[in-house]
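The values are calculated or read from the model by the stated rules, or taken from the named source; none is laboratory data. As the structure is a computational prediction, the values presented were derived from the model and not from experiment. Here the Cβ is made from the backbone with ideal geometry for all residues, glycine too, and neighbour counts use every protein chain on show.
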Amino acid sequence: MSHPVSIAARNTICPGCSACIDLQDLSILSPSSQPVDTRGRLFIGTEGSLSSSWIVCGSARIEGTVRGILRSEGAVVLATPQPCHIQLIAPSVVIDRNATIRLTGPLETESLVVRGRFSGRVTCRGTIHVARGGCLEADIFARSIIVEKGGLFRGGCQVISRREGEEPQEEPRRYPFFILRPSPSY
């Protein structure tokens, strides 16, 4: 349920449950364990770390470390070389070019773009795109995967059904090593 609010508003009241909804951006530049529930932008700086059982935000850029369950209503950019002990749920996730991401929990998204290095488990209801120079080492469930020339995919892959809300029925097949390369253009 959504409702209009002023662009200058710092918070609002949910019309469905009367809960207070924070709309402010939040920057974490040092270690913190505060609960985060904002529809604003979350930024975790390189020296910052966040450890919280439930983290909710409008969008996020993570350059430091994070631990917990992160749910974003918008895009999440992961730009950290450190392990992220999180379960991540977001409509769009981008792994930055210089990032090395190792997620210990599952990633659920509609769109994943890998420009850096990413390892973990991924369920994507849309397309996974591994860009040139990107490396994806994961077991994936996805509608489709695109690997650009110079990109690398290593792991298990299962193409999921087009039916809305259907969950994969089995684990993806494991291969010792394979690289998907685009076919030559003529």
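Yes/no per residue for (1) modelled with pLDDT of 90 or more; (2) of a type in the set (Ser, Thr, Tyr); (3) not in a loop (DSSP other than H, G, I, E, B):
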| residue | (1), (2), (3) |
| --- | --- |
| His3 | no, no, no |
| Ile7 | no, no, no |
| Pro15 | no, no, no |
| Gln24 | no, no, no |
| Asp37 | no, no, yes |
| Phe43 | yes, no, yes |
| Thr46 | yes, yes, no |
| His85 | no, no, yes |
| Leu88 | yes, no, yes |
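Going through (1) over 15 Å from the mean Cα position of the chain (by Cα); (2) modelled with pLDDT of 90 or more one by one, Thr127 falls short only on (1).
For Arg97, indicate whether it is touching a Cys at 6+ places or on another chain (Cβ under 8 Å), within 26 Å of Lys149 (Cβ to Cβ) and without any contact (Cβ under 8 Å) to a residue 60 or more places away in the chain. It is false that Arg97 is touching a Cys at 6+ places or on another chain (Cβ under 8 Å), within 26 Å of Lys149 (Cβ to Cβ) and without any contact (Cβ under 8 Å) to a residue 60 or more places away in the chain. Within region 96-117, the set of residues being part of a loop (DSSP other than H, G, I, E, B) and buried (at least 17 other Cβ atoms within 10 Å of the Cβ) comprises Asp96, Ala99, Arg115, Gly116.
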